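The values are calculated or read from the model by the stated rules, or taken from the named source; none is laboratory data. Being a predicted model, the structure only gives us computed values, none of them experimental. Neighbour counts are summed over all protein chains in view; Cβ atoms, including those assigned to glycine, are modelled from backbone coordinates with ideal geometry.
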Amino acid sequence: MRYNGGSFVMRVSRRLLATALVATAAFALAACGPDNSSDQGAGSGSSTATAAPTGAAPTAAPAGTGKPAPTGKPAPSGTSAASGEPEGFCTHEPLPAGQKWIYPVKGTSATALVYKETKDVCGVDDVGFDPVGADKTAPFAPTAKGHLSSVLAAPKDVNLTDLVKHVNECIATPHNEKGSYPCSAGDYKVAIDASGKVTELWERAHS
């Protein structure tokens, strides 16, 4: 075998270079592999990073129930009809001493008022009055005056003579519109003094 020093040295150098390159590549792969995996895990949008927090209260009702999500407000209260209470206006306001609501009846004259007491009844727009009991009589004071009211005419203050005329016209023909003054529904507020005499009478207008 012939020895060629230059060729032998060249072959050894090439082998060493190849070995060094392989080792370098292997080291690079070993070093970069875990780092790349770590980077991908942090920036991949995994379920751990984006999952909703557990235990959160739902903001909408379950699908398919047709019920709105709870608002935390109390349910509306029932109506008066649902609770059994009467609806509308059922009690008149308190009146001054000596005054009351009455219903004039036949027999009223220039000297005396004949009437029935009344009881409150419920009305939609205002309290109503129904006549009750036996007829009562109260004499008119000589200075008694009346106050007539109707939805068809302006209020009118009258003396005793015209007051009695109007009352009797409306007793004979309720809701008459062609008499001395349009009739209302027959409700009057009366003032009776300490001696028991009628001093004033107010007609109540009705629609």
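Please work out if residue 191 is in contact (Cβ under 8 Å) with a residue 60 or more places away in the chain, in a strand (DSSP E or B) and surrounded by 18 or more Cβ atoms within 10 Å (Cβ to Cβ). Break it down into steps so the answer makes sense when it comes.
On the way: in contact (Cβ under 8 Å) with a residue 60 or more places away in the chain: yes; in a strand (DSSP E or B): yes; surrounded by 18 or more Cβ atoms within 10 Å (Cβ to Cβ): yes.
When the stated conditions are applied, residue 191 passes them.
Is it the case, given these coordinates, that residue 112 is out of contact with any Asp or Glu (no Cβ under 7 Å at 6 or more places or on another chain), assigned by TED's automatic domain parsing to the domain that holds residue 195, closer than 16 Å to residue 167 by Cβ and of a type in the set (A, V, I, L, M, F, W, C)?
On the way: out of contact with any Asp or Glu (no Cβ under 7 Å at 6 or more places or on another chain): yes; assigned by TED's automatic domain parsing to the domain that holds residue 195: yes; closer than 16 Å to residue 167 by Cβ: yes; of a type in the set (A, V, I, L, M, F, W, C): yes.
For residue 112, the condition - out of contact with any Asp or Glu (no Cβ under 7 Å at 6 or more places or on another chain), assigned by TED's automatic domain parsing to the domain that holds residue 195, closer than 16 Å to residue 167 by Cβ and of a type in the set (A, V, I, L, M, F, W, C) - is met.
Answer yes or no: is there a residue in the stretch 157-172 that is of a type in the set (Gly, Ala, Ser) and part of a strand (DSSP E or B).
So the first thing to find is which residues in the stretch 157-172 are of a type in the set (Gly, Ala, Ser), and the list is 172.
After this cut, where a residue has to be part of a strand (DSSP E or B) as well, the list is none.
Scanning the stretch 157-172, I find no residue that is of a type in the set (Gly, Ala, Ser) and part of a strand (DSSP E or B), so the answer is no.
Got a sec? Which of 154, 185, 141 is closer than 21 Å to residue 98 by Cβ and assigned by TED's automatic domain parsing to the domain that holds residue 112?
Numbers: 154 fails: closer than 21 Å to residue 98 by Cβ; 185 fails: closer than 21 Å to residue 98 by Cβ.
Residue meeting the stated conditions: 141.
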